[in-house]
Amino acid sequence: MTSTDGLRLHPFRGLRYAPDRVSSLTAVTSPPYDVVVRPDGVRHLETADPYNIVRLILPQAPDPATRHRQAAETLRRWRAQGVLATDDRPALYVYEQSKGSLLQRGLIGALDLDGPVLPHEDVIPEVVEDRAALMRAAAANFEPLLLSYVGQGTGNGATGVIERTVRTTPLLSTTTEDGFAHRLWAVTDPADLTAVDDDLAIRHALIADGHHRWATYQRLREEHPGNGSASPWASGLVLLVDSARHPLQVRAIHRVLPHLPLDSALSGLDGAFRVRPVEGPLDAALAVLDGTPGNAFLLTSGPERFCVLDRPDPELLHRTIRRDRPAAWRELDATVLHSALLDEVWRIRDHPSEISYLHSAADAVEQAAKHGGTAVLMRPVLEQTVRQLAMDGVTMPRKSTSFGPKPATGLVLRVLDEEV
């Protein structure tokens with residue numbers, strides 16, 4: 001294949017579930033690790049099938065070292081038992097997700113880590129360390145990142161390979177609990193692989209979902225410098241989607257502050273924001289938030305109580321928000337939330353014990369009620385804003401966006417010892 005300064009997506013021998021060893025593919029798949037609402041979601045997945053992938057991506061044990069060792073041992077055992085089997089030939093994998101009128105197709109492969117990949121969010125060091133320890137122990141990439149690139153949007157190059165491949169019989173097909181249908185094909189023909197390589201050679205990618213896993217890949221590459229680009233640690237498992245062909249959806253990521261009761265949150269504002277009680281249910285309250293101009297957030301302690309915070313004090317914004325960033329960054333809801341509210345007004349540190357990040361507004365409300373805390377519900381950011389800030393080299397506050405649909409975890413894994 002051609003050596004380029006663009007994206008390099010390598011075939012690999014996928015590790016996949018043997019259909020005759022599990023109750024169903026649906027029962028062994030999972031959402032990405034950071035979408036699973038713990039611990040209830042973990043228990044639900046663990047009981048769906050004894051071989052559910054959640055036992056690898058979110059192993060349950062009293063301490064981190066035991067969790068990571070347990071995941072590695074579980075992976076080794078499942079491979080020895082034939083529950084997970086490695087494909088005979090290296091391949092790129094065409095992956096399709098569909099639900100109603102929504103259709104997304106892309107390519108899963110091992111992407112060079114030194115290519116032009118643009119992050120748009122900061123990461124939490126503790127999460128990166130946890131993911132790195134897990135991948136280090138297991139020597140595996142359990143779930144692909146979601147990356148988007150702007151291709152030709154036509155039937156040529158990588159897209160042409162995808163469109164031809166989906167007319168053939170898939171390796172697998174399943175429908176998950178969220179109603180999404182999933183299909184997977186292997187691409188092994190040398191001419192098709194060359195066509196993909198030549199197309200991606202002039203592309204750059206935006207990290208749509210998986211900043212912590214990307215940072216984890218980078219850290220592990222630094223720990224394994226041997227063999228240069230030939231090292232399996234020099235690439236990482238990704239799903240690449242041409243957003244010119246299949247535009248991604250962008251949703252908000254919500255915050256739960258488990259140790260801050262809503263009354264304390266409101267009394268601590270001291271005029272920093274206007275507070276407006278709004279009527280439920282959740283969908284109606286979110287509609288009020290969506291229709292509010294300027295920076296705004298929806299606060300709730302449960303399904304019976306909602307209020308909108310808006311009209312932040314200009315002096316507070318001037319004092320707390322960095323002036324060396326573009327206006328588009330300074331005006332983000334997430335910027336105002338973290339710089340003004342969390343850091344200055346409420347004095348809450350951005351640590352997993354203090355802030356939970358949930359992709360579902362309903363889950364965030366439930367968790368706030370369960371812990372007696374406060375959920376801060378957010379609005380999505382426009383994709384063009386995300387991409388422009390990324391191209392300008394400006395990262396957004398962590399967990400600012402949720403692109404989707406996200407790939408299901410468990411359809412194809414990458415084990416690094418197969419590539420040594």
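Quick one: which of Asp192, Asp209, Asp197 is among the acidic types (Asp, Glu), touching a Pro at 6+ places or on another chain (Cβ under 9 Å) and in the same structural domain as Gly41 (by the TED database)?
Asp209
So is Ile202 outside the structural domain of His371 (by the TED database), among the aliphatic types (A, V, I, L, M) and open to solvent by 70 Å² or more (accessible area, probe 1.4 Å) or not?
Judged against the criteria, Ile202 is a match.
Restricting the search to segment 63-92, which residues are closer than 23 Å to Val28 by Cα, open to solvent by 10 Å² or more (accessible area, probe 1.4 Å), part of a loop (DSSP other than H, G, I, E, B) and not acidic (Asp, Glu)?
Gly82 - this is the single residue of segment 63-92 that is closer than 23 Å to Val28 by Cα, open to solvent by 10 Å² or more (accessible area, probe 1.4 Å), part of a loop (DSSP other than H, G, I, E, B) and not acidic (Asp, Glu).
Filtering segment 306-326 down to residues that are assigned to a helix (DSSP H, G or I) and open to solvent by 50 Å² or more (accessible area, probe 1.4 Å), which residue is nearest to Asn295 (Cα to Cα)?
Only one residue tops the list, namely Pro314.
I want to confirm something. Restricting to segment 373-394 and keeping residues that are under 30 Å from Leu262 (Cα atoms) and not small (Gly, Ala, Ser), which single residue is surrounded by the fewest Cβ atoms within 10 Å (Cβ to Cβ)?
Here the answer is Leu382.
Yes or no, residue by residue, for (1) part of a loop (DSSP other than H, G, I, E, B); (2) farther than 26 Å from Trp78 by Cβ; (3) without any contact (Cβ under 8 Å) to a residue 40 or more places away in the chain; (4) open to solvent by less than 20 Å² (accessible area, probe 1.4 Å):
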site	(1), (2), (3), (4)
Val94	no, no, no, yes
Ser98	no, yes, no, no
Gln104	no, yes, no, yes
Ala110	no, no, no, yes
Glu126	no, yes, no, no
Asp130	no, no, no, no
Leu134	no, no, no, yes
Thr168	yes, yes, yes, no
Gly179	yes, yes, no, no
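Filter segment 12-26 for residues that are surrounded by fewer than 21 Cβ atoms within 10 Å (Cβ to Cβ) and in contact with a Leu (Cβ under 9 Å, 6 or more places away or on another chain) and give the result.
Leu15, Arg16, Ala18, Pro19, Arg21
The values are calculated or read from the model by the stated rules, or taken from the named source; none is laboratory data. For clarity, every value in this text was computed on a predicted model and none was experimentally measured. Neighbour counts run over all protein chains shown; Cβ positions are idealised from the backbone, glycine included. Heads up: the accessible areas ignore ligands, DNA and RNA and are worked out on the full protein's heavy atoms, side chains in. Shrake-Rupley method; radii C 1.70, N 1.55, O 1.52, S 1.80 Å.
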